[in-house]
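The values are calculated or read from the model by the stated rules, or taken from the named source; none is laboratory data. Note that the coordinates shown come from a computational prediction; the quantities given were computed from them, not determined experimentally. Cβ placement follows ideal geometry from the backbone for every residue including glycine, while neighbour counts extend to all protein chains displayed. All accessible areas refer to the heavy atoms of the entire protein, side chains included, with ligands and DNA or RNA removed. Shrake-Rupley method; radii C 1.70, N 1.55, O 1.52, S 1.80 Å.
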Amino acid sequence: MANDEDIDLFDFPCEFPLKVMGKAAEDFELLIVEIVRRHCQELGAVTTRSSKGGKYMS
């Protein structure tokens with residue numbers, strides 16, 4: 001059995017997916033990318049998806 005000190009939860013650097021949801025807007029994706037880039041210079045793929053009714057995006 002390993003000690004708690006021997007276990008690494010993350011191996012840095014690593015990819016860490018984020019999911020952001022909000023009201024659908026033309027600039028939603030651009031706004032989210034701007035905010036994330038303030039904290040993380042390397043940004044992976046960005047995909048968007050509308051809710052069934054089209055009122056929200058993720």
Summing -39500 (n - 2.57) over every DSSP H run of at least 4 residues in the chain and dividing by its residue count gives a helix-only mean residue ellipticity at 222 nm, to the nearest 500 deg cm²/dmol, of -6500 deg cm²/dmol
Convert each backbone phi in the range 49-58 into a coupling constant with the Karplus relation 6.51 cos²θ - 1.76 cosθ + 1.60 (shift: θ = phi - 60°), then list the ³J(HN,Hα) values in order as whole Hz, x for Gly and Pro. 8, 8, 5, 4, x, x, 7, 10, 10, 9
Amide H contacts of residue 56 (H built 1.01 Å from N, under 5 Å, at least 5 apart or other chain): 24, 51
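Taking a ≥ b ≥ c as the square roots of the Cα gyration tensor eigenvalues, with a/c under 1.5 meaning rounded and otherwise prolate when a/b beats b/c, else oblate, which class fits the chain?
Working: a/c = 4.06, a/b = 2.15, b/c = 1.89.
The shape class here is prolate.
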Quick one: with all protein chains in place, what share of the accessible area of the chain is carbon or sulfur, to the nearest percent (1.4 Å probe)? 53 percent
Compute the acute angle (0 to 90°) between the alpha-carbon long axis of helix 28-39 and the principal axis of greatest extent of the alpha-carbon atoms of the chain; round to the nearest 10°. 30 degrees
Using the Cα centre of the chain as the reference point, and only Cβ charges (+1 on K/R, -1 on D/E), how large is the resulting charge dipole? Debye, rounded to the nearest 20. 720 debye
